[in-house]
Structures are given as C-alpha cells and as structure tokens.
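**Student:** There's a structure below that I have some questions on.
None of the figures in this text is laboratory data; all of them are computed from the coordinates on show. Computed from a predicted structure; not experimentally measured. Positions of Cβ are backbone-derived with ideal geometry, glycine not excepted, and every protein chain shown enters the neighbour counts.
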C-alpha cells in the first residue's frame with residue numbers, strides 16, 4: 001500500500017473531484033458523494049486557513065451541487081472558470097461548442113449503445129464507460145468533428161471518455177491564479193489527481209515549489225484512501 005505524506009499546515013491543497021475525491025461511476029450523473037466528505041473538506045479548509053480548492057473538469061454549478069453545503073475556491077471545466085477566495089469568478093473567453101457538433105454527437109450516441117454525451121458550458125464529453133470496447137469509436141467520433149483546430153478546440157483523452165474542450169483550457173490556470181491570492185499565496189502547492197487531465201495542475205504545483213500526488217501511485221488507486229487522507233488531515 002502506498003503511503004502519501006500527511007497533510008501539512010503550510011500546504012495549499014488542490015483536489016481533483018471525479019476519480020480522486022469521488023469514485024467514478026458509469027455515468028457522470030450517477031456519482032455518489034459520501035455523507036462525510038463535505039464536512040471533512042470544510043474542516044480541512046479551516047485547518048489550512050482556507051487554502052483548499054477543488055479543481056475539476058466539472059462545471060462550477062455541478063461541483064457546488066455535489067459538495068453542498070461545502071463551497072470552496074475552485075477551478076471548473078479544466079480551469080476555464082476559476083472561483084477566487086472572495087467568491088468572484090475569473091472566466092476565460094473561450095469559443096462555444098458549435099451546435100452542429102452537439103447535434104452530431106447526440107445523434108451518434110442515440111445510435112451507439114453505451115455512449116453518453118455530457119454537455120458543459122464550455123465543452124462536451126463523449127463517455128464510453130458503459131461500452132469499454134467502443135473506445136476507438138468514441139475517439140474517432142470526437143476527433144472527427146469538423147474544424148476542431150480552426151474553432152479553437154482540442155480533444156482530451158480521459159478515463160473512458162474523450163472531451164472536446166477549448167485549447168486554452170488547462171488546470172495550470174487555477175493553480176497559478178490562486179497561488180497569487182491569499183490565503184494560498186506563500187504556501188506549498190500540492191495537487192492531487194488521478195488522470196492525464198490533472199498533469200498540468202501537477203506540473204504547475206511543481207513549478208511553484210510544490211508537488212503532485214497521483215491516486216494510482218500514492219493512494220493505491222483508491223478514492224476512498226484519498227478521502228481517508230483528507231479526513232485525517234482535517235483532524
């Protein structure tokens with residue numbers, strides 16, 4: 001079993017959501033939030049003077065809904081939207097997902113058992129967790145959208161999903177912005193994630209004098225271990 005370092009009082013903690021704090025589900029709307037998690041996050045935040053942020057591919061409203069009543073600084077939709085400690089939003093100007101793409105994806109999902117299309121304010125995701133054998137088809141569907149680069153989008157490979165997202169989106173952004181702002185400023189940034197989408201956040205934390213922890217390597221691949229670690233750190 002991996003043994004991550006225990007949470008230190010001088011850290012600024014950046015936590016991914018799905019696959020890190022929450023167990024992955026067959027569909028995005030089927031994730032389960034353990035009853036004690038919001039309270040543990042709140043207690044941890046108080047211990048770290050408010051220097052805890054949730055950085056996720058989810059939309060900000062979904063993050064808040066899942067973790068209610070806990071409400072924290074956050075980086076939503078891979079950093080496209082950042083909520084600062086005072087509650088103000090810093091949102092990048094990104095192109096909207098073309099309606100043609102949304103229609104094309106949803107028609108394909110209706111015809112392909114196991115495909116689930118997740119719409120977000122700034123991106124769209126093709127999930128194939130219900131049909132893992134269709135990964136190549138999902139990739140071809142996402143990458144085959146007309147004019148991806150010209151429209152300013154890229155396709156990001158995630159856990160049994162392909163996300164069509166603005167090329168400017170990155171989890172580096174919320175780490176960089178928040179680390180310039182009290183109560184994060186002057187602390188050691190630590191980013192915890194489980195997916196390739198988290199590597200940018202980990203790289204930024206490392207570049208600012210901190211480090212990253214990966215669920216697979218440091219928590220035995222178990223979000224339950226991450227939650228236990230958070231609970232210990234809150235005590």
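**Student:** For a footprinting-style exposure proxy, rank 196, 55, 126 by other Cβ within 10 Å, fewest first.
**Tutor:** Starting with the residue having the fewest Cβ neighbours, the order is 196, 126, 55.
**Student:** Additional query: Run the numbers on segment 99-166 and let me know its relative contact order in percent, using alpha-carbon pairs under 8 Å that are six or more apart.
**Tutor:** 30 percent
**Student:** Which of 171, 120 has the fewest other C-beta atoms within 10 Å, and how do the rest follow up to the most?
**Tutor:** In increasing order of surrounding Cβ atoms, one gets 120, 171.
**Student:** Also, I was wondering about something else. Can you tell me the FRET efficiency between residue 119 and residue 211 if r is taken as the Cβ-Cβ distance and R0 is 45 Å, rounded to the nearest 0.05?
**Tutor:** 0.85
**Student:** Using all alpha carbons of segment 99-166, what is the percent of pairwise distances in each 10 Å bin, ordered from the shortest bin to the longest?
**Tutor:** Percent of Cα pairs in each bin: 23, 61, 16, 0.
**Student:** Points 7 angstrom from Cα along the Cβ direction at residue 86 and residue 199: gap in nanometres?
**Tutor:** 3.7 nm
**Student:** Semi-axes of the equivalent ellipsoid of segment 177-235: what are they in whole Å, largest first, if each equals the square root of 5 times a C-alpha gyration tensor eigenvalue?
**Tutor:** Square roots of five times the eigenvalues give 21, 16, 8 Å.
**Student:** Pairs of alpha-carbon atoms within less than 8 angstrom and 6+ residues apart define the contacts here; what relative contact order does segment 1-134 have, in percent?
**Tutor:** Relative contact order for segment 1-134 comes out at 18 percent.
**Student:** Which three semi-axes in whole Å describe the equivalent ellipsoid of the chain, each the square root of 5 times a Cα gyration tensor eigenvalue, listed largest first?
**Tutor:** For the chain, the semi-axes come out at 30, 20, 15 Å.
**Student:** For a distance above 14 Å, tell me the whole-number percent of Cα pairs in segment 1-42 that qualify.
**Tutor:** When all Cα pairs of segment 1-42 are counted, 63 percent exceed 14 Å.
**Student:** May I pose another question? Once you put a point 7 Å from the Cα of residue 133 and another 7 Å from the Cα of residue 32, both along the Cβ direction, what distance in nm separates them?
**Tutor:** For residue 133 paired with residue 32, the spin-label model returns 2.8 nm.
**Student:** Let me ask another. Could you list 118, 163 so that the one with the fewest beta carbons within 10 Å of its beta carbon is first and the one with the most is last?
**Tutor:** Ascending Cβ contact count within 10 Å gives the list 118, 163.
**Student:** If you average the alpha carbon positions of segment 104-159 and of segment 19-47, how far apart do those two centres end up, in angstrom?
**Tutor:** Cα centroid to Cα centroid, the span is 26 Å.
**Student:** Counting just the Cα atoms, what span does segment 1-136 cover along each of its three principal axes? Round to the nearest Å and put the largest first.
**Tutor:** 51, 40, 24
**Student:** What whole-number volume per residue, in cubic angstrom, does the convex hull of the C-alpha atoms of segment 88-225 give?
**Tutor:** Value for segment 88-225: 136 Å³ per residue.
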